[in-house]
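No value in this document is a laboratory result; all are computed from the given coordinates. All values reported here derive from a predicted model rather than from experimental measurement. Don't worry about glycine lacking a Cβ; one is built from the backbone with ideal geometry, like all the others, and counts go over all protein chains shown.
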Amino acid sequence: TPGAGSAEESASTLRFAESLRQLPRGAPATQFGVWQEVSAALAEDLARLRAQVSRGGAPGAPIAATGHSARELIRAQRLLEELQRLQRPQLEEQETLARWREEALEEQGLLTLAATQKALETEQVTPYLMNMSEDPILTGRLLYYLRVGDATTVGSAPGSTVFLDGLGVLPNLCTVINKDNVCISLQRHEDALRLVLVNGEIPLNLTGEQDLTHGDRLCLGRALVMLLQVPMQAHVGTINEDDEEQFGNAMEPPSCDELLLRQGVADLMPRPPKHVDAFNQLRPLMRHSESLSELQLYMEDLHCKLEPPRSYAFFRLLQEACCLIDEANLITREVRPENQLNFEVEFVWDIYRGSAEDILMIRAMWYPRGRPGESEPCTAEVVHYWAYSKFRERLEMMRDVYDQVKRE
C-alpha cells in the first residue's frame with residue numbers, strides 16, 4: 001500500500017496511467033490468444049502432412065491415402081494463410097499502439113525497470129535524475145538524462161524538459177545545466193526560491209547558479225523528489241565508444257533502498273547538529289521554510305530555555321510541522337484563494353511539561369486585509385486551533401480535496 005506521504009505522487013502516476021487507457025485498443029488479448037493457438041495447431045498439422053507427403057504417405061498406406069494427405073495439406077496451407085491474413089492488421093495495430101505507449105512513457109520519463117536498466121547500461125557517463133518516493137513500488141520509475149551542454153528545464157509549462165503538474169510547481173520552476181558531465185548546476189527562478197530545495201536547503205546566495213554534487217536530493221515543489229547521479233563525480237569507470245573498459249567498473253544504478261524515503265518529510269529536511277552551542281548554528285536551517293523562518297525569534301528564546309536533548313527534538317518537530325504548514329498554505333491558496341486563510345504555528349508556553357508535540361498548536365488565521373509578510377498593514381482573526389496531531393489529520397483531507405480539484 002502506498003504511504004500517505006506519497007499519495008500525491010501515486011495519484012499523479014495513476015492519472016497518467018488512466019490517460020494511457022484512453023488510447024484506442026485493438027482486439028482483446030483473449031482473441032489473439034485463440035488465434036495463436038489455432039495457428040500453432042495448423043502449423044503442427046502442416047508439418048505432419050508435409051512429412052507424410054514427402055514419404056509418399058504413411059508407412060503401408062495405399063496410394064489413395066497419399067493423395068488424400070496432399071489435398072489435406074493444400075487445404076490446411078490455405079486456411080493458415082487466410083488466418084494470417086486476417087490476423088495481420090490486428091497485429092500491426094497492436095504494434096502501433098505499443099509504440100505510441102512507449103513514446104508517451106518516454107515523453108513523461110516513465111520507464112519500466114528493464115528499460116531503466118538498459119538505459120543506464122548504454123549511458124554510463126551522462127548524469128541523470130531518478131525519482132525517490134515513500135512507496136517502494138514507485139521508486140526509480142522516472143529517469144531524466146542531463147545531456148551535456150543542454151539546459152534541462154523543470155516546470156508545468158508545456159515545453160518543459162521535465163514536465164510536472166502538482167502542488168508548488170510553477171510554469172518555470174528551475175533549470176539544471178550539465179556543462180561537461182562533471183560540473184552540474186541549478187538555477188532557481190525568482191518565484192521558486194523556496195520551492196526548489198537541494199538536500200532540504202536553499203543556499204545563502206540566492207542569486208546565480210548553485211553547484212550540484214553526486215547524490216544530491218532535489219525537492220521540486222511538493223510534487224517530486226529526485227536523486228542526482230553524476231558518474232564522473234563518483235570516480236567510477238566508464239566505457240568508451242569502442243566498449244573498452246577505461247578505469248574500473250561502470251557505476252551501478254541506485255538501489256531501491258537508496259531511493260526510498262523511509263521517514264517521509266523528515267528525509268527532506270536539513271538535519272541539525274546534535275550539539276548546538278549557539279542558536280546561530282540553526283538559523284541557516286530555517287531559511288528553506290516560509291513558516292519556519294518567521295519563528296526565528298521565538299525559537300531562539302525556546303532554545304535558551306530547553307535542555308539540549310529536548311531542544312533538538314523540538315527543533316526537528318518544528319521543522320516537520322512547518323513543512324506541513326507550508327503545504328497546507330499552498331493548497332489553500334490554490335484551491336480557495338478567496339478565503340484569505342493562513343495556517344501558522346503557536347507555542348504553548350508551558351514548555352516543561354509533556355513531549356515536544358505538547359508545545360505546538362496550529363491555528364488557522366483569517367486575513368480580511370493584507371497577508372503576513374506583505375508591506376501593507378494587515379488585520380487578522382483566529383478562526384480555529386488544532387493540536388498538531390489533529391492538524392495532520394486535517395491536512396490529509398485537504399490533500400484529497402486538492403487531488404479532486406486537479407482532476408476536475
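Viscosity 1.002 mPa s, temperature 20 °C: give me the Stokes-Einstein translational D for the stretch 165-215 in µm²/s, with Rh taken as the Kirkwood radius over C-alpha pairs.
Approximately 183 µm²/s, per Stokes-Einstein.
Val176: net charge of surrounding residues, Cβ under 12 Å, Lys/Arg +1, Asp/Glu -1, itself excluded?
Summing Lys and Arg as +1 and Asp and Glu as -1 gives -1.
Could you rank the peptides 143-155, 217-229 by their average count of other C-beta atoms within 10 Å per residue, with the highest value first?
Per-residue mean Cβ counts within 10 Å order the peptides as 217-229, 143-155.
Taking θ = phi - 60°, what integer Hz values does the Karplus form 6.51 cos²θ - 1.76 cosθ + 1.60 yield along the stretch 294-308, in sequence order, with x for Gly and Pro?
Running phi through 6.51 cos²θ - 1.76 cosθ + 1.60 with θ = phi - 60° gives 6, 9, 4, 5, 5, 5, 5, 5, 5, 4, 6, 9, 8, 5, x Hz.
Apply the Karplus curve 6.51 cos²θ - 1.76 cosθ + 1.60, θ = phi - 60°, to the phi angles in the stretch 399-407 and return the couplings in whole Hz, x for Gly and Pro.
Values, residue by residue: 4, 4, 5, 4, 4, 5, 4, 5, 5 Hz.
Given points 7 Å out from each Cα along the Cα-Cβ axis, report the Leu46 to His384 separation in nanometres with one decimal.
7.1
At 7 Å along Cα-to-Cβ for each site, give me the label-to-label distance between Trp100 and Lys179 in nm.
4.5
Please give the length that would be gained between Asn280 and Ile74 if that part of the chain were fully extended, namely 0.36 nm times their separation in residues minus their C-alpha to C-alpha distance (nm, one decimal).
65.0 nm
For a quick protection proxy, order the peptides 261-267, 92-98 by their average other-Cβ count within 10 Å, most packed first.
Per-residue mean Cβ counts within 10 Å order the peptides as 261-267, 92-98.
Roughly speaking, what is the centre-to-centre gap between the stretch 309-346 and the stretch 146-174 when only Cα atoms are used, to the nearest Å?
Cα centroid to Cα centroid, the span is 26 Å.
Place +1 on the Cβ of every Lys and Arg and -1 on the Cβ of every Asp and Glu in the stretch 124-190, take the dipole about the Cα centre, and give the residue among Ile184, Met132, Gly159 whose Cα lies farthest towards its positive end.
Highest projection toward the positive end goes to Ile184.
Which part of the stretch 319-334 falls in the paramagnetic zone of Val405, meaning amide N under 18 Å from the point 7 Å along Cα-to-beta-carbon?
So the set is 324-334.
Report, in debye and to the nearest 20, how large the dipole of the stretch 126-234 comes out about its Cα centre when Lys and Arg carry +1 and Asp and Glu carry -1 on their Cβ.
120
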